[in-house]
Amino acid sequence: MCCPELVRSALAVTPAPAGTGEIAPAVRFADPEGASFRRVADLTHVITPGFPIFPFYKPFAMRQLAAVEREGFGANELCYAEHVGTHIDAPAHFVAGGTTVEHLPASSLLAPLVVVSLAERAARDEDTLLVVDDLLAWERRHGRIPAGAVVALHSGWEERVGDPARFLNADASGTMHSPGWSGEAVEWMLNEREFNGIAIDTLSLDAGNSATYPAHRHLLGAGKYGLENVANLGRVPPAGATLVVGAPRHEGGTGGPARVLALF
Ligand SMILES: [Zn+2]
């Protein structure tokens, strides 16, 4: 049930007083008078038992616990690996003792969204990597990557999402082929720009054929987060949108399915 008192205060036009820290941006976004966006894009895939998944994990499963017709209320029980569907990778995914998902700062989950599209190149080369030159080319068109950004690689891969075999794209030897971030580009971001995380529309931040995961290792090793299987990156502006990451908050988590939105 929804408390009317809370709804009213969330929509209050009064700006948050100075010094309220992380609450301020959220109040601004909920303010209908001063809204700084006109559209909300859902960058989240629907999770189903057939959603493409890294072969290590078991598919998503859901079991009905109660039905409105029977118990008077509906409820399901979910069983899924953290790294399924559109999801976040916390540093603890690759770093022993790294930050777990419940400790990611709320302020890092609201970020300027940068979309670098390599869809044309990925259509010709399934193993293509996002390199430093791609980031510099984006900056020549749109200006410097804003502080606190999440930088997303749009490869066009989601067009394959209804066909898990094409999404994973494994060859006869079992090696997968999908575009990814180069380790060098992540290192450059860490050394040269201030940012919160990176994202991709494939199963993995690293290219499918990577056995060493340099993008994951550099990114998560530096305490940043990643987003994988992000949807609709081809339908949001390359610059100027704000990303909202509805990350889960279970204790000790290495990541988990997230509702990801773009406001623009
Ligand atoms: Zn993951």
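Since every read-out is calculated from the coordinates, none of them should be taken as a lab result. These numbers were taken from a predicted model, which means no experiment stands behind them. Cβ sites come from the backbone with ideal geometry, for glycine too, and all protein chains shown count toward neighbours.
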With n ≥ 4 as the cut-off for DSSP H runs, can you work out [θ] at 222 nm for the chain, using -39500 (n - 2.57) per run divided by the number of residues, rounded to the nearest 500? -6000 deg cm²/dmol
For the chain: relative contact order, % (alpha-carbon pairs under 8 angstrom, 6 or more apart): 27
Does anything in the stretch 142-169 have its amide N under 18 Å from the 7 Å Cα→Cβ label point of D42, and if so which residues? 158-159, 161-162
Name the residues whose placed amide hydrogens come within less than 5 Å of the amide hydrogen of G240, ignoring near sequence neighbours (fewer than 5 apart) on the same chain. L113
Could you sort the peptides 52-61, 215-224 by per-residue average Cβ neighbour count (10 Å cutoff), highest mean leading? 215-224, 52-61
Taking K and R as +1 and D and E as -1, what net charge do the other residues with C-beta under 12 Å from the C-beta of A247 add up to? -1
The answer for the net charge of residues other than F54 whose Cβ lies under 14 angstrom from its Cβ, with Lys and Arg +1 and Asp and Glu -1, is -3
List every residue whose amide H lies under 5 Å from the amide H of I145, counting only residues 5 or more places away in sequence or on a different chain, with H placed 1.01 Å from N in the peptide plane. none
Given Cα pairs under 8 Å that are at least 6 residues apart, what percent is the relative contact order of the stretch 132-199? 47
Starting from the amide H of L227, placed 1.01 Å from N in the peptide plane, find each other amide H under 5 Å away whose residue is 5 or more places distant or on another chain. D89, I198, A199, I200
Excluding exposed DSSP-loop GluC sites (Glu not before Pro) (at most 15 other C-beta within 10 Å), longest clean stretch of the chain: 34-193
Where labels lie 7 Å past Cα in the beta-carbon direction, separation of F54 and R166 in nm: 2.4
With 0.36 nm assigned to each residue of separation and the Cα-Cα distance removed, A66 to S173 gains 34.1 nm
